[in-house]
Amino acid sequence: MKKLKLCITLIMVGAFIMSCGSGSNISKESAKKLKNYNTYSYLPNKDTIKDTGYDNNRINELIITTINDNMSSEGYAIDNSRPDVLVYIHAMFDERIVDVNADPVYTNFSYYRPGLYIGPYYEDYTYENYFTVQRITAAEKVQQLPYKEKSIVIDLIDRRTNQILWRGTADEEIGSKRLERDIRDYVNEIFKKFP
């Protein structure tokens, strides 16, 4: 009986440890799609970092640059007219706990028309028809979590089906002392779990 309890305890500890670190889970079908895709573009997020202690443009520029580096190393190229994958970023730096898109089963975007203001950091990377993507749904087994202050969530969405194929985040909070380096490290940590 003691051995059985020890085994169960070890299994539970192992499961807990495996759940820590970067967050991402993905179905085999979604992983296969991502391996067959090779182009991407961004769905702009018009939400800005409202905390005046942060430079919204610089933070988003760093996030996009680091995502681009990671996507390039995975063999993806930018295509703003007919990308395979759409990248949607949630940068959460406000002074409160944030629960943005914790349940991605049915998400409405905050833009419905072309010409809406988009931050300059998206200038060369925005999907030309971003305004036609009004809703996304979750593919199977997409991670659904409440997200903390000073965190980043990256969704990769199938442009044809509007389904989230992969969601990446990290459990740690982004530090403030070396913000630029910490943002790069955070995004790189997310991509360590890329399928």
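Readers should treat all values here as calculations from the given coordinates under stated rules, not as data from a laboratory. Just so you know, these numbers come straight off a predicted model, no measurement behind them. Note that each Cβ is placed from the backbone with ideal geometry, even for glycine, and that neighbours are counted across all protein chains shown.
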So what's the net charge close to residue 84: Lys and Arg +1, Asp and Glu -1, counting the other residues with Cβ under 14 Å from its Cβ? +3
Please compare each pair in 150/192; 33/193; 50/192; 50/150; 32/192 to a cut-off of 21 Å on the Cα-Cα distance and tell me which ones are over it. 50/192
Rg and Dmax of the range 35-90, Cα atoms, in Å? 12.8, 41
By average Cβ neighbour count within 10 Å, what is the ranking of 69-80, 54-65 from highest down? 54-65, 69-80
Using modelled backbone amide H atoms (1.01 Å from N, in-plane), which distant-in-sequence or interchain residues come within less than 5 Å of residue 166's amide H? 156
